[in-house]
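Single-structure report; data block below.
The values are calculated or read from the model by the stated rules, or taken from the named source; none is laboratory data. Only a predicted model underlies this, so the values are computations on that prediction, with no experimental measurement involved. Virtual Cβ from ideal backbone geometry, glycine too; neighbours counted across all protein chains shown. These area figures cover heavy atoms from the full protein model, side chains too; ligands, DNA and RNA do not enter into them. Shrake-Rupley method; radii C 1.70, N 1.55, O 1.52, S 1.80 Å.
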Amino acid sequence: MPNIKPSLHGRLLLAAYSTAVALLLFASILSLARDGATLIGVGQGIASLIMLAMLLVLAGSRQERPAASALDPETLIKAGALQAAIFNSANFSSIATDASGVIQIFNVGAERMLGYTAEDVVNRITPADISDPQEVIERAESLSFELDSKIAPGFEALVFKALRGIEDIYELTYIRKDGSRFPAIVSVTALRDAGGTIIGYLLIGTDNTARKHVEAEQALLDQTLRDQQFYTRSLIESNIDALMTTDPRGIISDVNEQMVALTGCTRDEMIGAPFKKYFTDETRAEAGIKRVLREGKVTNYELTARSRDGKETVVSYNATLFYDRERNLKGVFAAARDVTERKQFERALQENNVELEGAKAAAEKANLAKSEFLSSMSHELRTPLNGVLGFAQLMESAEPPPSPAQQRSIDQILKGGWYLLRLINEILDLALIESGKVSILSEPMSLADLLQDCEGLMEPEAKKRGIVLAFPVRTCRQYIHADLTRVKQVLINLLSNAIKYNRPGGVVTVTCMRTNNNQVSVRVADTGSGLFPEQVEQLFQPFNRLGQEHQAEEGTGIGLVVTKQLVELMHGTISVSSDPGVGTEFCVTFPAAEALHIDEADWPEVADVLADLEESDASQNVRTLLYVEDNQANMELVERLIERRGDLKLLTAINGHLGIVLARACKPDVILMDINLPGLSGFGALKVLLADPLTAHIPVLALSANAMPRDIEKGMEAGFFRYLTKPLMVSEFMEALDIALTVATLQGPTGSKPKLPLESTPVD
């Protein structure tokens, strides 16, 4: 029987059948590709298998074979089953076309991947119609360049290599029926008949989305790793220190550019070299590595690096250990900071310190010489000045009195003398302050008592000039922490200026208040001519009287300088505000203090004192002296003096409040009162004692270092029985004490104070 020529569709099926084995192996190879094989390797495997299968089929087709109708039915069934298994595979798209590219076969895998049915595409479109048009154009351009042949975009570009017998596997984007896209790996094979004529093309594809996703993730991971490496390297290179890593043996494994600059060697030269090689003292450098391995870290380990050209650099070496993820020791991470400039600075500083010590010693010697000079000059100036003022006063009080012309001369002598004395005192004060030899005894004190003292001292001067003083003695309830004598000196100086530079009939107003920053401010305001801003700026310059040198008012130009420095020594401040034509206001602040209160712990002491007195009275007739004094040395002196007398028992109190409590409880025969007491002054304590019927009859002797005539006069006016001054003259103290005891006996607890001619005698 003649052979029956099969139809085109049958020949395509036969050719496709010849690729059955290749398809099955293609699936295995493709799965390997997902695990990391390259696309080229996959393509080579697929192409080789397809060609092998086709050669086998073609070789079999050349043999004489019986007609289709004579084939073994079982063989046909097996072949049909194999064909159905291949073309019904859902994992691969199998698309067969005729020679012109029109789709003839569209298997189940192609339908699943692309969303088309076979009826939609068979005899209707080519594979180029379901491919990305831009990629088809780019493929045509690429093949044209590669094969040096003009290739038109379209189906020809997809099968051009297969048409010429060149294996061809490429990646292409397929477009589904719904318009979505997915990447596919496509293998193209030319289908030939028994005579070798191309009758069509077989395009076998698989979805490459998963592999692309893996590749994208891997690319992202690789980029992240590169970014992290770049970031880490940037950190290392941006460090100002020379950085290096070594293995546990001290062999360098990495360095930064600062280390390159420090040694003058390249990075490649240093990696693999011993760490110690780049330092002048290799033994010390090696010991540094060993110390890190032993202790875990090293800080401020000094080494000297040596560069290729011989330059030496002192570095501060700091190092620590570093490990891998499994905590295995990898080596030493070290940083070397250039400290050459610091070492030079330290040497210069040491040299400067030596010079400063010498300069300090010279300054102290000069300061000591200045102090000795000032002390000597003070004595030398005061001695003749004492004679000038003394004889001038004798001439002023002589009988018969001096003539008017003589009186005017005497007044000029006295005026100049007192001015010179004030100038000497202020210069000495300034010198002592500047030399740091002024001792400040800070203690709590009542500002009201202090202002009352200042008012009493300045009132005569104010009345003489017709100036009204306005003091807040009754409304001021503030306490300050300062030196009583120095605060009084500051306020008297401010008040004196306010009176001196005021207008006739003017007012000096003093106010006090507590500020928010735990300070107490005292303001002294006058109604004088005021100051201009440029004068205020020069106010605290020594010997600068702001243009008042040729005016009638005398002054030294030192008082405010001393005042400012005294205030600052007591941790206070001084400021001034002035309005020309209106007046000037000075404000000084001092640290605030709380009012002193008698602690209940003092009362058992009073009870003990009373018990001792009762016991003494029972055995002998003993009289009592209460001494109120805060200075321990002064108290011990009086205790020793009283010990010499068998008729007196001494009671002591360290402040005015406790003195009042003891006076009321014990009713001593005589009280000896210091003036400058903490919290409550001697004047304040005296005022309380005189106002209390229980203590008003007790004679109170004042004992103070305030020895000016006005101080004594003020003390007597306040009600003190006698005013004694320090240093104490023993004979006069005993005499005053005996007189006070006699008066106390005569007047008794309810008696009235006798009018005796008891004048206070100052003690030199």
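Inspect region 341-358 for any residue being outside any helix (DSSP H, G or I), under 29 Å from residue 314 (Cα atoms) and open to solvent by 100 Å² or more (accessible area, probe 1.4 Å) and give the result as yes or no. Scanning region 341-358 turns up no residue that is outside any helix (DSSP H, G or I), under 29 Å from residue 314 (Cα atoms) and open to solvent by 100 Å² or more (accessible area, probe 1.4 Å).
Does residue 244 meet the test of being in contact (Cβ under 8 Å) with a residue 40 or more places away in the chain, open to solvent by less than 80 Å² (accessible area, probe 1.4 Å) and in a helix (DSSP H, G or I)? So residue 244 does not fit the description; no. Would a scan of region 482-490 turn up a residue that is within 15 Å of residue 589 (Cα to Cα), modelled with pLDDT of 75 or more and small (Gly, Ala, Ser)? Yes: region 482-490 contains one or more residues that are within 15 Å of residue 589 (Cα to Cα), modelled with pLDDT of 75 or more and small (Gly, Ala, Ser). Scanning region 527-535 turns up no residue that is among the aromatic types (Phe, Trp, Tyr), within 39 Å of the chain's Cα centre (by Cα) and modelled with pLDDT of 65 or more. Take residue 130 and tell me if it is at pLDDT 85 or above, hydrophobic (A, V, I, L, M, F, W, C), out of contact with any Cys (no Cβ under 6 Å at 6 or more places or on another chain) and surrounded by 20 or more Cβ atoms within 10 Å (Cβ to Cβ). Yes. For region 319-329, the set of residues classified as surrounded by 15 or more Cβ atoms within 10 Å (Cβ to Cβ) and either out of contact with any Leu (no Cβ under 7 Å at 6 or more places or on another chain) or modelled with pLDDT under 85 (or both) consists of 319 only.
When residue 464 is tested against (1) touching a residue at least 12 places away in the same chain (Cβ under 8 Å); (2) not in a loop (DSSP other than H, G, I, E, B), exactly one condition is not met: (1).
Of all residue pairs spaced 6 or more apart or on separate chains, those with beta-carbon atoms under 6 Å, a first member in region 98-115 that is under 16 Å from residue 187 (Cα atoms) and a second member that is part of a strand (DSSP E or B) and of a type outside the set (A, V, I, L, M) are 103/97; 107/94; 109/93; 110/93; 113/93; 113/207. Restricting region 491-526 to residues that are part of a loop (DSSP other than H, G, I, E, B) and open to solvent by 40 Å² or more (accessible area, probe 1.4 Å) leaves a set whose member that is nearest to residue 577 (Cα to Cα) is 501.
From the set of residues in region 140-170 that are part of a loop (DSSP other than H, G, I, E, B) and β-branched (Val, Ile, Thr), which is most open to solvent (accessible area, probe 1.4 Å)? This residue is 166. Residue 616 meets the stated requirement of being in contact with a strand residue (DSSP E or B) (Cβ under 8 Å, 6 or more places away or on another chain) and at pLDDT below 55. In this structure, is residue 307 touching a Lys or Arg at 6+ places or on another chain (Cβ under 8 Å) and polar (S, T, N, Q)? When the stated conditions are applied, residue 307 does not pass them. Determine, yes or no, whether residue 484 is farther than 16 Å from residue 448 by Cβ and open to solvent by less than 40 Å² (accessible area, probe 1.4 Å). Against the criterion (farther than 16 Å from residue 448 by Cβ and open to solvent by less than 40 Å² (accessible area, probe 1.4 Å)), residue 484 does not qualify.
Of the residues that make up region 677-687, is at least one of a type in the set (A, V, I, L, M, F, W, C) and at pLDDT below 85? Yes, the conditions are met somewhere in region 677-687. A count restricted to region 171-193 and to residues that are surrounded by 11 or more Cβ atoms within 10 Å (Cβ to Cβ) and either under 23 Å from residue 137 (Cβ atoms) or modelled with pLDDT under 85 (or both) stands at 16. Would it be correct to say that residue 736 is open to solvent by less than 40 Å² (accessible area, probe 1.4 Å) and part of a strand (DSSP E or B)? Taking the combined requirement at face value, the residue does not satisfy it. Among helices (runs of 4 or more DSSP H) entirely within region 629-729, having at least 1 residues that are closer than 18 Å to residue 453 by Cα and open to solvent by less than 10 Å² (accessible area, probe 1.4 Å) singles out 656-666, 682-691, 709-718. Sub-6 Å Cβ pairs linking a first residue in region 499-519 that is basic (Lys, Arg) to a second residue that is modelled with pLDDT under 90 and surrounded by fewer than 16 Cβ atoms within 10 Å (Cβ to Cβ), at least 6 apart or interchain, are 500/553, ordered by first then second residue.
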